[in-house]
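Readers should treat all values here as calculations from the given coordinates under stated rules, not as data from a laboratory. Quick caveat: nothing in here was measured; it's all calculated off a predicted structure. Cβ: placed from backbone, ideal geometry, glycine included. Neighbour counts: every protein chain shown.
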Amino acid sequence: MSALASKLRPRPLESWRSASSKAREQWLLALVLVTPALIMMGIFVFYPALQTIGLSFYKWDGISPDMGNFVGFKTFARATDNYPFSQAIKNSLLWGVVGLFVPTIIGLIAAALVEDTNLRPKPLFRFAFFVPYFFSMAVAAALFTRVYDPSYGMINQVIQALGFTDVKPQWLGDGRIAIYAAMGVFVWHETAFCYIVFTAAIQQIDRSLYDSAKVDGASEVQVFRYITIPSVRDVATFVMTIMLIVGLTPFAVVFPLTTPGLGGPYYSTEILPTLIFKKARMGYNASEAAALGVILLILVIGIVTVFLWFRERTAPKD
Amino acid sequence: MVNSKRGISRREMLRLMGVGTVGTALGSHIAYAQSVPESGTFRFQIESGPGTDFVAVVDAFIEEHPEITVEFSQVEAAVVGVDWQRIAMEAGAVDLISNENPKFLKLDPVLKAGLIQPLDGYRDLYEWDDWVLAAALRRSSRGGQLWTLPLYYEICGASYRKSVLESFDVGEPQTWEEFIQMLEKFKAAGLIPLTNGHRGFSQIQMIHYQFWASIGGLSGPGSITDVIFGDGKFTDAPSVEAAQAILDIYNAGLLDPDVLSITQDDGNERFISGAAALNVTGTWFYSEMQRQFDDDWDMLTMPGPGGGPIWCTGETEAMVIPAAAQDPDAAALFLDFCVKGTGAKILLERGNLLATKAFGELAIPQIQRLPIITGDESSLLIFGWLPQNSQDAYQQGLGGILAGAITPAQWAQQVQDAWERDIEDGQIPEDRSDLL
């Protein structure tokens, strides 16, 4: 079991009677410390989540004062029996895979390159890799609508300048590549987050390990493979978990790139959050939006749980 | 001030209307006693685009009616979200608000939720029937009651520079063949023949309305009117043929090759810069063209295969008085100011196409020729008549046709399925014949 998982594993609760007064004090202190957070989460996370689950079994337009009729799972059947939904599920899973691996791997390699090699000046590279995170995701996406412009955008201008005058990709207009264009913005932005976390982790590694490896004749690749990666494994689990969750819900990227024809062209960038938005905010169909929200919740919890289980199972033995 | 609104709660209103059934609601009659106010204050909210025109209108109103106080605010809809009007009405934050249009997408949801009050008393009091176009009043009514008052009309078409058409020795096309010949001349000269933005809000649908109106005619089987208000289907031949015609001009390089990637604003820029000869837009773009080109501009409606040019029109800037309004009388006085008072004149002078007959002789020539002024018949501008499912299928699918993802027939079937689904969900009144 990894060190982090070991620390995070809940310990068996001593009975209150048999606990020492010091242990009781610790429990009370813990309770006092977590109570405000629990109250806030109760109000802003758990209560709305439960309300959403309840709403998904009713037929309600979202604006009528009365909640409408209880219809059971009919809302789920209606919300899922259409092409935009199947497209949204497919795209959401693809986003999850990309979110899980691409920014994490690029961020890790970039951090290792800057911290473990003689690349100079390091502060400049650190700044350069972290710059995308200065922008919010939505602002970054809005900026990229100009970058992706087929006639005047930077990317196609570069392609033309390189002599490929017949090549003019419709980055946001071609359904075959629009989702990858959106993912490009996501990766550009989230790699910065991964980079900074991995940088902090790499800086904590005992430098004598690197020195010993070099004395033993290890190459840079071998140092990265056998020292850096195992040393940041727990941090990588944290980063990948965050990236997986963010990757499954990339509304902040898709919305500015495609709104108000949200999820276009022709549903090629449709994801569950855009469908939810359209049902709830544009379509006066709060129940179907709630049903899709529940499906998204189950999807995210399910995939993240499987991922963490897999990481736990494949963790090196102590 | 005579504040004469009889108090009515949303729950009362809902009970009267019947939960979730507009049709049931429409039979009920809610009593409001309306009168001309001696003093008062009303809170007026509108989207920032048309809101700029209303700054002058509000100023003129305050000058003419110093006894009335106006609390005027503009909203950036792109920032606050698509349902900002509903939120303002629910919160009781306004006495008068522009609810965009009197169609299924915008009017029926707030009516179903009991958020607005009928305007029939004011209609009689101020004799709006003598001033406002009959069709605008009819389409703003449900169950025999008037629920909103559209101040403008909007008409879509293809804008052009008069000098450009003259330089190519072409006039406004009257047939599909003439239209294609004109586009080919533009293309041969290196211009983008017809620009249009699909990303974001798709304007391809406006090409479709125009071709469909041209092919299907003003009424009868297969017409737009027959589908929206009658028993017609999106899968009827004229609708499918119109979609096929868009694909044909796209494949022939006569439609902007970047259409799927660019927005309406991008299309406007291409037209204004001279890169594009024609730009699919509407009367909402008139003031900008007047500013850019003085009088060297106009707009045509595009004929489809086998048909002539037919304009597509729609009511817009439809004002509603919320059920929770504190001073509806003052709000209605302002509405009347925009129907036949100085407000109407100001709005007209700014290039708007009014839904009222007042001051029609003052309109600019580009407005004078439009069917609202001439009295000619016109087809429907569809936007707003389609609720979310249908609108999404309609917009996304037109892009899908050009991208090669679906055929025009498949697109039509998807829109029809979504339309039927919206009817089942109660988003569209089952009987729509009284809106004709």
Legend entry - DSSP-defined antiparallel bridges as percent of all bridges, chain B, nearest 5: 60
Legend entry - Charge dipole (debye, nearest 20) of the protein assembly as shown; +1 at Cβ of Lys and Arg, -1 at Cβ of Asp and Glu: 3880
Inset, instruction - Calculate the dipole size of chain B relative to its Cα centre from +1 charges on Lys and Arg beta carbons and -1 charges on Asp and Glu beta carbons; express the result in debye to the nearest 20. - result: 680
Inset, instruction - Could you order peptides B:299-306, B:159-166 by the average number of other Cβ atoms within 10 Å of their residues, highest first? - result: B:299-306, B:159-166
Inset, instruction - Evaluate the relative contact order of chain B (contact order divided by residue number), counting alpha-carbon pairs under 8 angstrom at least 6 apart; express in whole percent. - result: 25
Legend entry - the protein assembly as shown - share of DSSP beta bridges that are antiparallel (%, nearest 5): 60
Legend entry - Sorted by Cβ neighbour density within 10 Å, fewest at the top, the residues B:ASP108, B:ASP431, A:ASP66: B:ASP431, A:ASP66, B:ASP108
Inset, instruction - Using the charge dipole of the protein assembly as shown (Lys, Arg: +1 at Cβ; Asp, Glu: -1 at Cβ; taken about the Cα centre), state which of B:TRP297, A:VAL306, A:ASN156 has its Cα farthest towards the positive end. - result: A:VAL306
Inset, instruction - Round to the nearest 0.05 the FRET efficiency obtained for A:ALA19 and A:LYS122 when R0 = 45 Å and r is the Cβ-Cβ distance. - result: 0.35
Inset, instruction - Find how much the distance from A:ILE39 to A:GLU220 grows on full extension, using 0.36 nm per residue of separation minus their present alpha carbon separation; answer in nm with one decimal. - result: 60.2 nm
Legend entry - region A:25-110 - percent relative contact order, Cα under 8 Å, separation 6 or more: 14
Legend entry - Within 10 Å of each Cβ in B:392-399, the average number of Cβ atoms from other chains: 6
Inset, instruction - Report, to the nearest 10°, how far helix B:48-64 tilts away from the longest principal axis of the Cα atoms in chain B, using its own Cα long axis and a range of 0 to 90°. - result: 40
Inset, instruction - Using packing as a proxy for protection, rank A:238-249, A:219-230, A:188-199 so that the peptide with the highest average count of other Cβ atoms within 10 Å comes first. - result: A:188-199, A:238-249, A:219-230
Legend entry - For residues of B:255-263, the mean tally of beta carbons on other chains within 10 Å: 6
Legend entry - Average beta-carbon neighbours from other chains, 10 Å sphere, peptide A:281-293: 4
Inset, instruction - Return B:HIS208, B:HIS198 ranked ascending by Cβ neighbour count within 10 Å, so the fewest neighbours appear first. - result: B:HIS208, B:HIS198
Inset, instruction - Take B:THR313, B:THR225 and order them by how many other Cβ atoms sit within 10 Å, fewest up front. - result: B:THR225, B:THR313
Legend entry - Contact order relative to length of chain A, as percent, for alpha carbon pairs under 8 angstrom and 6 or more apart: 30
Inset, instruction - Please name which of A:LEU108, A:VAL197, A:GLY293 has its Cα lying farthest along the dipole of region A:56-313 towards the positive end, using unit charges on Cβ (Lys, Arg +1; Asp, Glu -1) and the Cα centre as origin. - result: A:GLY293
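Sorted by average packing, counted as other Cβ atoms within 10 angstrom per residue and highest first, what order do A:113-119, B:176-182, A:135-141 take?
B:176-182, A:135-141, A:113-119
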Legend entry - Lysine-lysine proximity count for region A:56-313, Cα under 30 Å, sequence distance 8 or more or distinct chains: 11
Legend entry - Tail beyond 52 Å, pair distance distribution of the protein assembly as shown (Cα, percent): 22
Inset, instruction - Would you work out the charge dipole size for region A:56-313 about its Cα centre, treating the Cβ of every Lys and Arg as +1 and the Cβ of every Asp and Glu as -1, and quote it to the nearest 20 debye? - result: 220
Inset, instruction - Take the alpha-carbon centre of region A:136-174, take the same for region A:272-318, and report the distance between them in whole Å. - result: 31
Inset, instruction - Select from A:GLY263, A:PRO316, A:PHE238 the residue farthest towards the positive end of the dipole of the protein assembly as shown; place +1 on Cβ of Lys and Arg, -1 on Cβ of Asp and Glu, and compute about the Cα centre. - result: A:PRO316
Inset, instruction - Go ahead and estimate [θ] at 222 nm for the protein assembly as shown from helices alone: -39,500 (n - 2.57) per DSSP H run with n ≥ 4, summed, over the residue count, rounded to 500. - result: -15500 deg cm²/dmol
Inset, instruction - Please work out how much length the chain gains when fully extended from A:ALA30 to A:ASP206, using 0.36 nm per residue of separation minus the C-alpha to C-alpha distance, in nm with one decimal. - result: 60.1 nm
Legend entry - Choice from B:TRP147, B:TRP212, B:TRP84 with maximal GNM fluctuation in chain B (Cα, 10 Å cutoff): B:TRP84
